[in-house]
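Every read-out reported here was derived from the displayed coordinates using simple, explicitly stated rules and does not represent laboratory data. Only a predicted model underlies this, so the values are computations on that prediction, with no experimental measurement involved. No Cβ is skipped: glycine too gets one built from the backbone with ideal geometry, and neighbour counts run over all protein chains shown.
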Amino acid sequence: GHGTIIAGQIASTLGNAQGTAGAGIPVELLVAKVVTSSGFISIVDEASAIRWAVDSGAQVINLSLGGPRDPVHPRRDTYSPLEH
């Protein structure tokens with residue numbers, strides 16, 4: 001999926017002549033996949049994965065998330081105090 005593609009780009013070797021240039025050497029990846037097969041991401045699982053990554057020594061965390069921010073219409077607003 002998307003996360004695997006991005007992780008591969010981050011960890012790839014700079015100047016490898018294969019069309020991909022990575023962001024950092026040396027890179028060690030910690031992978032915490034929390035999306036279900038239907039595409040749903042539990043906020044509790046997401047927060048737990050972030051905490052796990054930090055507790056495991058992660059210095060950089062990449063999240064590819066999106067959702068509407070709509071304080072005027074709370075039912076459409078996906079802001080989460082837990083994520084914050």
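Each label was represented as a point 7 Å from its Cα along the Cα-to-Cβ direction; for His84 and Ile10 these points are 2.5 nm apart. Rounded to the nearest Hz, the phi-derived 3J(HN,Hα) couplings of region 48-60 under the Karplus curve 6.51 cos²θ - 1.76 cosθ + 1.60 (θ = phi - 60°) are 5, 5, 5, 4, 4, 4, 4, 5, 8, x, 4, 9, 9, where x marks glycine and proline.
Estimated at 0.36 nm per residue, the fully extended path between Leu65 and Asp45 surpasses their Cα-Cα distance by 5.9 nm. The simple Förster model, with R0 at 41 Å and r as the Cβ-Cβ distance, assigns Asp55 and Arg76 a FRET efficiency of 0.80.
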